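Everything below concerns the one structure shown next.
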């Protein structure tokens, strides 16, 4: 897999949110023109993108802000059992510390609690800026 894409309205806020998770901004650029629209099927388009790289260097997250054409659907508040894109799960070393950092960026725990699975993991889903849904998992040693 090369990357996972998420469409956002506020690219700066999304970048800062994912930086708090340890992702590094690899670059920002504009993607526009007829060639890009042929790939997406949207025709002539203008998109501002930011590519974020995971700390291990293997995974990337592409954040996109569409300038043209206008966004036509909004799935940000869909429940976790909705069809289509659901969430991206991140492994973290310290779930409580990570949540404290993300709360400064407006993050809220879905369901209001961190759940423990036996003596193996602690999990939660989090809604970040614009309702972006992510999962966090801390492996217990």
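If R0 equals 22 Å, the separation of the Cβ atoms of residue 35 and residue 85 corresponds to a calculated FRET efficiency of about 0.35. Pull out a ≥ b ≥ c, the square roots of the eigenvalues of the alpha-carbon gyration tensor of segment 4-68, then state rounded if a/c is under 1.5, prolate if not and a/b is larger than b/c, and oblate in the remaining case. Prolate.
Ranked by Cβ crowding within 10 angstrom, fewest neighbours first, how are 62, 108 ordered?
The most exposed by this proxy come first: 108, 62.
Comparing Cα centroids, segment 41-88 and segment 97-141 end up 20 angstrom apart.
Under 1.5 on a/c is rounded, so check that first for segment 44-88, then, if it is not, pick prolate when a/b is larger than b/c and oblate when it is not; a ≥ b ≥ c are the square roots of the alpha carbon gyration tensor eigenvalues. Oblate, because a/c is 1.5 or more while a/b does not exceed b/c. With viscosity set to 1.002 mPa s and temperature to 20 °C, compute the Stokes-Einstein D of the chain, Rh being the Kirkwood radius across alpha carbon pairs; µm²/s, no decimals. Rounded to a whole number, D works out at 132 µm²/s.
Among 80, 126, 110, the largest mean-square fluctuation in a Gaussian network model of the chain (Cα springs under 10 Å) belongs to 80. Let a ≥ b ≥ c be the square roots of the eigenvalues of the Cα gyration tensor of segment 78-141; is it rounded (a/c under 1.5), or, if not, prolate (a/b larger than b/c) or oblate? Note, shape of segment 78-141 comes out oblate. Label positions at residue 75 and residue 140, each projected 7 Å from the Cα along the C-beta direction, are separated by 3.3 nm.
Note on residue 11 and residue 118: the model spin-label points, each 7 Å out from Cα along the C-beta direction, lie 4.5 nm apart. Remark: 123, 17, 66 ranked as 123, 66, 17, counting other beta-carbon atoms within 10 Å and listing the fewest first.
Determine the relative contact order of the chain: mean sequence separation of Cα pairs under 8 Å and six or more apart, normalised by residue count, in whole percent. Once normalised by length, the contact order is 22 percent.
Helix 11-20 sits at what angle to the longest principal axis of the chain, using alpha carbons and giving 0 to 90 degrees rounded to 10? In the chain, helix 11-20 runs at an angle near 30 degrees to the longest axis.
Computed per residue of the chain from DSSP H runs no shorter than four, each worth -39500 (n - 2.57), the mean residue ellipticity at 222 nm is -5000 deg cm²/dmol.
Bear in mind that the values in this text are calculations on the coordinates, not laboratory data. Please read these numbers as outputs of a predicted model, since none were measured by experiment. Every residue, glycine among them, receives a Cβ derived from its backbone with ideal geometry; neighbour counts consider all protein chains shown.
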